[in-house]
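Read through the structure below, which is laid out as C-alpha cells, and then see the notes.
The values are calculated or read from the model by the stated rules, or taken from the named source; none is laboratory data. Predicted model, so just to flag it, every value in this text is computed and none were measured. Cβ: placed from backbone, ideal geometry, glycine included. Neighbour counts: every protein chain shown. In case anyone asks, the SASA skips ligands and DNA or RNA and just uses the protein heavy atoms, side chains included. Shrake-Rupley method; radii C 1.70, N 1.55, O 1.52, S 1.80 Å.
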Amino acid sequence: MDSLTIPRPDDMHLHLRDGAALASVVAHTAATFARAVVMPNLKPPVTTTAQAVAYRDRILAALPAGTRFQPLMTLYLTDTTPPDEIARAVDSGVVHAVKLYPAGATTHADAGVQHLDALDATIDAMARAGMPLLVHGEVTDGEVDIFDREAVFLERFAAPLLARHPSLKLVIEHMTTAQAVAFVRAGGPRVAGTITPQHLLLNRNAIFAGGLRPHHYCLPVLKRETHRQALVGAAVSGEPCFFLGTDSAPHARDAKEAACGCAGCYTAPHALALYAEVFDQQGALDRLADFASGFGADFYGLPRATDAVTLVREPAPVPEAFPFAGGEVVPLRAGGTVGWRVVDG
Ligand code: NCD
Ligand code: ZN
C-alpha cells in the first residue's frame, strides 16, 4: 500500500499553549487534524468554563483563515472545582472533558489535585453528565521510582475511582506501560487510553543514546522495550478503547536543553506520519483509520469526520526546528525523515 486515505483524524490529547506560542504551533495541528482535545495546563490553568470559552476564542483567532479545525476544550480539575462548574461546562457545549493532574506530576501541574477522595461530588456530576475524566496517571510520591509511577497510580487511584463511580468515563492519557494496556482493556467500554507517537516508536534507551537527549524526555517518561511493544500491540489491535492522542507538548529549545529541562515532545507537524510508520511496520495500515479518526470520536460521543486526508509513502524531511514565540521548538526526530507525507483529500 503506497497511499492511504482515511477520514480526517482527531488528536485526543494536545498542548497548544497560549499567546505567541499558540500562534506558532496551532496551524501544524490544524493542517492535518479535524479536532483536538486541548489540554488546560496553561499558566494560570483553565479551571472554569468561562476561561475555557475565552481560551477557545483565542485558539480560533490564531488559526489561519479558512481552517475548519475545532478545539475541544477541557477544564483543569483542582481541589476546589465545584459540581456546579461541571454543569456550566456541560451547558457550554464547548467543554468536552475534565483533566486530572496529580499536584506536581508534570508541566504546570502545581495547581493540580492533592486530595482526589474529597472530589467525589464533582466527579459524580461528571459521571451523571457523561463527561470523561482524563487522567495524567502518575503518582507524585517521591519514594516511588519514576518508571513505576504509572502502574502505582492505576492501583492506588484509578481502580478505586472506577469502583467509587461505576458510570464514570475515564481516559488514561499517554499510556506508557503494559499495566496501563491491561487496565484499559479490563475497564470495559467506559475506560479508554490514548497513545503518543513517541511511546510507540521509542523506548527509554532513546533518552540516553550516546549522551543525554532532552528532546526524548516527556512525562510519563519513556519505558523499557517490553512496554513499548505492549503499546504497539494495543494501538494496532483494532480495539475501540485505544486511540490517538499525540501529547504534542512544545517547549522552547532553551527550556529543553537546560540543566533542568522541561518535559514534552513536539510532534504536531508530522504526528500522523509517525503513527503511519508504526502501523505500517506492523502490517496494520488498514487499522489506522479507526485508531486515528474513529474510536476517539466514538468515545467522546462526537460524529466521525466526513472529509479525508491521504498519506503517501514518500520520505519527508523533518526540519531541525520550527519558529516558536520568538525562539524555536525542536520537533521529535529533528533533522531526520519520516516515511510518509500527508496530503489533503
Ligand atoms: C506536557 C506539557 O509540557 O504540557 N509534558 C509532557 O511531557 N507530556 C504535560 C503532560 O502531558 O504531562
Ligand atoms: Zn499532555
Selected residue (criterion: surrounded by the fewest Cβ atoms within 10 Å (Cβ to Cβ)) from residues of the stretch 82-116 that are touching a Gly at 6+ places or on another chain (Cβ under 6 Å) and touching a residue at least 40 places away in the same chain (Cβ under 8 Å): 102
Residues located in the stretch 227-239, provided they are among the aliphatic types (A, V, I, L, M) and either within 20 Å of residue 216 (Cβ to Cβ) or open to solvent by 30 Å² or more (accessible area, probe 1.4 Å) (or both): 230, 231, 232, 235
Residue ranges of helices (runs of 4 or more DSSP H) in the stretch 240-343 with at least 3 members open to solvent by 40 Å² or more (accessible area, probe 1.4 Å): none
Residue among 316, 292, 305, 325 that alone is within 16 Å of residue 194 (Cα to Cα) and in contact (Cβ under 8 Å) with a residue 24 or more places away in the chain: 292
In the stretch 7-26, residue farthest from ligand 1 (Cβ to nearest atom) [restricted to those that are surrounded by fewer than 22 Cβ atoms within 10 Å (Cβ to Cβ) and within 18 Å of residue 307 (Cβ to Cβ)]: 7
Residue count for the stretch 63-81, restricted to those that are surrounded by fewer than 16 Cβ atoms within 10 Å (Cβ to Cβ), among the β-branched types (Val, Ile, Thr) and within 23 Å of residue 158 (Cβ to Cβ): 1
Members of the stretch 311-322 that are closer than 14 Å to residue 253 by Cα and either touching a strand residue (DSSP E or B) at 6+ places or on another chain (Cβ under 8 Å) or among the β-branched types (Val, Ile, Thr) (or both): 319, 321, 322
Any pair with Cβ under 8 angstrom, 6 or more apart, that starts in the stretch 257-270 at a residue that is on the phi > 0 side of the Ramachandran plot and ends at one that is in a helix (DSSP H, G or I): 264/256
